[in-house]
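Asks: Below is a structure I'd like to ask you about.
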Amino acid sequence: MTPPKPPFLKIGSRILGDGQSVFLIAEIGVNHNGSMQRAKELIDIAAGAGADAVKFQKRHLSATYLERVIADPNKEEQGFTYLLPILKECEFGRDDYADLVRFAASKNVIFLCTPFDEPSVDFLEQFDLPAYKVASADMTNFVLLERLIAAKKPLILSTGMSVLGEIDATVKFLEKRRASFMLLHCNSTYPAPLEDLNLRFIEVLKKRYGVPIGYSGHEPVIGPSLAAVSLGAAALERHVTLDRGMEGPDHAASLEPHDLRLLIKCVRDVEKAMGRPVKIFNRGEILNREVLGKSLVAASALAKGAMIGRHQVTAKSPGKGLSPQCLYDLVGRRSTRDMNRDDVFFESDLGRSPVRLKIPNLKSHWGLKSRFAELDFAETFRSPVVEFHMSDKDLEFSWDTGRKFDQALVVHAPEYMGRRLVDLSNQDHDLRSRAVATIQKTIDITRVAAKSFKGMPKVVIHVGGMDLEPKNNREILLDAAAESFRRLDSQGVALLPENLPPQPWYFSGQWYQNVFCSSKDMVYFCRQMGLKMTFDFSHAQLFCNATGESLDAYAKEVSPFVSHLHVADGAGVQGEGLQIGDGEIDFERIFASLGAPRWSWVPEIWRGHQLGYRGFIVALQRLSKIKKLRNPLRQEKRGAP
């Protein structure tokens, strides 16, 4: 049996398959109990919960059941006596279906239906549905499948009630007729016992047939559905009801509205958590590794040339030096320098000195980032621009105005004020006032430091709007930020709000950025306040990945307002500050999108300052291939543009 390729299924505008968002179907079925009002209420609930589609069921009873069964269900199995009267009460007519299809469209959910017989397919064809669902009971019904294949619509088939050989036969039947289809693992009992779900069969179906595989669940809890998603289910179907205690065949196996909302939220969380089959550090882990991780350090003083014994080495935080895994690579060597107790060992103590890197010949207004406590780097590297990233402790730094540098100055304002974030949009008046005071002190010290540099200094500011939960209060945050900026005395400095990533890292944890991510926000704020901005490539790439927007379009929109660049690569929605070329950004294109180069720029590689600014220098070398950064720039006046 040859698997269809590629293993994807298209339903409307949605693509179903590996790497795609799980397609969530809220099965209303007959849980409306014949009430149009209840049917619409269930559609509304499903849409509000975040379902992609709602699904109903359609039967022409005379085509689905033998006439004698319809005439006297009591002569057959007991189930018919219970089921048939309910089904008679639940059937909707043409006008009802037309109304439901329109209502679903108004709620932005896809309308699907399961036909149980050929006349029902003919009936549903007039509504041009994007796909058909095939119930488990009809998995082996070649008569119905032939009619459905003739409709040339994608098929979603539940595999409950069928053994493996029967699934093989149906798949072969569909493949021979070039049908487009997917399968749903299913246990067709209502509700289904947990011990009978056998979710690992999803993996068997994926390997055996090479088509998208989903899960149709009838258990009364949400855990198995989440497990199915983690096993690779491309679609998830769950029944929804207003009340599990209502009369009807499916209510007991359905989710009530609050459970459906919880399930869909959890599915989206699981999707994010599944990620890719790679092991990476996120920024929070890097921060925690440095703070909580350990480095090998001298347990006692060591003279240069002395043999290093095991008792002379221990491990302590922070984790910025030689890994404790190198313990026995170090023991037995001779010390390369005089060391005091608690001095940290480095790669160089193992004879692994890194190759010296050369800064390329760049004629643009480039710079490097450092801290006030490392002023000498400005003289060492002689970049046209220097950017100091301040902490709140640096606000008390005593600047020596006697020192002079033939360079332009950029100061990155602190992001923290003690145990709080600097948030100029904060709705708490006192916290916002503290944030304003922090930025004002930054401006004041920048004015003092500027006496040692050339040109008007720039101050990069993370404006605010971050929260532990996503909020929909953009306009309120923008207004609060504008009010904060109006309170600042910025004479003699250029304030540059910076665009931010959608899910930034603060205090070693992930937050949500509710404003100042989009080009729209940045342009609006800069125009309103008469400001230029700092454009962070990596932050913008992460935002565009999260929203599906174009980075080129983003860059073109903000280009008239850009005065300073933070240049780094980015990937996904969390891969921030990556080395140039390690992410998704086409740097030639984005620099072209920015137009004439009237900006200063620095590489913003995460931890690029470590090991003698190695990460920054590698970035400069890679960026030196871009013509716009190699050639001299026109300067309107001395200093940064």
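Asks: Lys58's amide H: which non-local residues (gap 5+, or another chain) put their own amide H closer than 5 Å, with H modeled 1.01 Å from N in plane and none for Pro or chain starts?
Replies: The list, which skips near neighbours in sequence, is Thr114, Phe116.
Asks: To the nearest 20 debye, what charge dipole does the chain have about its Cα centre, counting +1 at the Cβ of each Lys and Arg and -1 at the Cβ of each Asp and Glu?
Replies: Roughly 3660 debye, rounded to the nearest 20.
Asks: Whole-Hz ³J(HN,Hα) for each residue in region 33-43, computed from phi via Karplus 6.51 cos²θ - 1.76 cosθ + 1.60 with θ = phi - 60°, x for glycine and proline: what do you get?
Replies: 6, x, 9, 5, 4, 5, 4, 5, 4, 5, 4
Asks: If you don't mind, there's one more thing I want to ask. For region 487-625, with only Lys/Arg (+1) and Asp/Glu (-1) charged at the beta-carbon, what is the dipole magnitude about the Cα centre, in debye rounded to 20?
Replies: With only Lys, Arg, Asp and Glu charged at Cβ, the dipole is about 340 debye.
Asks: Given the chain, what percent of its DSSP beta bridges are antiparallel, to the nearest 5? Write down the numbers at each step before the final one.
Replies: Details: 18 of 75 bridges.
Approximately 25 percent, going by the DSSP bridge assignments.
Asks: Follow-up question, since we're still on this one. Would you work out which of Val143, Val331, Ala98 lies farthest towards the positive end of the dipole of the chain, given +1 charges on the beta-carbon of Lys and Arg and -1 on that of Asp and Glu, about the Cα centre?
Replies: Working it through, the farthest residue towards the positive pole turns out to be Val331.
Asks: Further, regarding this structure: Beyond 29 Å, what share of the Cα-Cα pairs of region 20-272 remains, rounded to the nearest whole percent?
Replies: Tail of P(r) above 29 Å: 26 percent of Cα pairs.
Asks: Would you mind checking which residues have amide H under 5 Å from Asp536's amide H? H placed 1.01 Å from N; only 5 or more apart, or other chain.
Replies: Correct list: Asn499, His566.
Asks: Which residues does a label at Arg178 reach in region 121-149, if reach means a backbone N under 16 Å from a point 7 Å past the Cα toward the Cβ?
Replies: Once the point is set 7 Å along Cα→Cβ of Arg178, 149 turn out to lie under 16 Å by backbone N, inside region 121-149.
Asks: Separate question: Would you kindly work out the equivalent ellipsoid of region 502-558 from its C-alpha gyration tensor and give its semi-axes, the square roots of five times the eigenvalues, largest first in whole Å? Provide the component values of the computation, followed by the final result.
Replies: Details: eigenvalues 80, 44, 17 Å².
Value: 20, 15, 9 Å, ordered largest first.
Asks: A further question on this structure: When Rg is the radius of gyration of the Cα atoms in the chain and Rh is its Kirkwood radius, what does Rg/Rh come to?
Replies: Across the chain, the Cα-based Rg/Rh ratio is 1.10.
Asks: Still on this structure, please answer the following. Would you mind checking which residues have amide H under 5 Å from Ala494's amide H? H placed 1.01 Å from N; only 5 or more apart, or other chain.
Replies: Counting only residues 5 or more places away or on other chains, the set is Lys458, Val459.
Asks: Cα extents of region 102-158 along the three principal axes, largest first, in whole Å?
Replies: Result, largest extent first: 35, 21, 16 Å.
Asks: What is the Cα centroid distance between region 421-465 and region 475-543, reported in whole angstrom?
Replies: For region 421-465 versus region 475-543, the Cα centre distance is 12 Å.
Asks: Something else now. Let me check against my output: what whole-number percent is the relative contact order of the chain, with C-alpha pairs under 8 Å and at least 6 apart?
Replies: 9 percent
Asks: So for region 20-272, averaging the separation of alpha carbon pairs under 8 Å that are six or more residues apart and normalising by length, what relative contact order in percent results? Each step should come with its number before you reach the end.
Replies: Working: 450 pairs, mean separation 53.1, N = 253.
Taking the mean separation of contacting Cα pairs over the length of region 20-272, I get 21 percent.
Asks: Something else: Through the Karplus equation 6.51 cos²θ - 1.76 cosθ + 1.60, θ set to phi - 60°, convert the phi angles of region 257-265 into ³J(HN,Hα) values in whole Hz; use x for Gly and Pro.
Replies: x, 5, 6, 5, 4, 5, 4, 5, 4
Asks: I've got another one for you. What are the ³J(HN,Hα) values, in whole Hz, obtained from phi via the Karplus relation 6.51 cos²θ - 1.76 cosθ + 1.60 with θ = phi - 60°, for each residue of region 615-629 in sequence order, with x given for Gly and Pro?
Replies: Karplus-based 3J(HN,Hα) across region 615-629 equals x, 5, 5, 4, 4, 4, 4, 6, 6, 5, 6, 8, 4, 4, 8 Hz.
Asks: Here is a follow-up. Place a +1 charge on the Cβ of each Lys and Arg in region 283-350 and a -1 charge on the Cβ of each Asp and Glu, then give the dipole magnitude about the Cα centre in debye, rounded to the nearest 20.
Replies: Details: 11 positive and 8 negative charges, 19 e Å.
Rounded to the nearest 20 debye, it is 80 debye.
Only the coordinates and a few stated rules stand behind these numbers; no lab work does. As the structure is a computational prediction, the values presented were derived from the model and not from experiment. Don't worry about glycine lacking a Cβ; one is built from the backbone with ideal geometry, like all the others, and counts go over all protein chains shown.
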